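Any read-out appearing in this document is the output of simple, stated calculations on the displayed coordinates, not a laboratory observation. These figures come from a predicted structure and were not determined experimentally. So basically every Cβ, Gly included, is an ideal-geometry build from the backbone, and we count neighbours across all protein chains shown.
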Amino acid sequence: MRIINSIPEFYEVRGFGEETMEQVTKNTYKYTDCGAWCATAHDDQCEVIGVKVGSIVEGSDAETQVYTIKFPFEIGEFWNALDEVENEASVLWKEANEGRATKKLTDLTY
C-alpha cells in the first residue's frame, strides 16, 4: 500500500480523477448511502494535517462522529473511517426514524 502524505496524493490514490476537495466531497456524498461528507483536516495553525469524514443524519438532529485521518496514512484507513460513518449513520437513522414511526402507529391505535 502506498502511504499518503498530502491532499494531491490523496486525490491520486483514491483513483477517481478528482482534482479538488469539492469533487471528493461531492463524490463521497453521492456514492454513500448516508450522504457522508469529506473535508481537509487542519491543526491549530491552519496547516492541513489530513482528511476528515462524517455525516449528518437525515430525519433527525443527529450527526455521526467526525473521523480524522492524519498524514501519513494508507487509503484503507480512509475507507475504514468512511465505513464507520456509514454504519453509525445507519444506526442513528433507525433510532430516529423507526422509533418515531412505531410511536405514530401506537398513537393511532384504538
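Things to note:
- Residue within region 69-88 that is in a loop (DSSP other than H, G, I, E, B), surrounded by 14 or more Cβ atoms within 10 Å (Cβ to Cβ), free of Cβ contacts under 8 Å to residues at least 24 places away in the same chain and at negative phi present: no
- Count of region 37-51 residues which are buried (at least 18 other Cβ atoms within 10 Å of the Cβ) and either in contact with a helix residue (DSSP H, G or I) (Cβ under 8 Å, 6 or more places away or on another chain) or touching a residue at least 60 places away in the same chain (Cβ under 8 Å) (or both): 3
- Any pair with Cβ under 8 angstrom, 6 or more apart, that starts in region 24-36 at a residue that is in contact (Cβ under 8 Å) with a residue 40 or more places away in the chain and exposed (fewer than 14 other Cβ atoms within 10 Å of the Cβ) and ends at one that is of a type in the set (A, V, I, L, M, F, W, C) and part of a helix (DSSP H, G or I): 33/89
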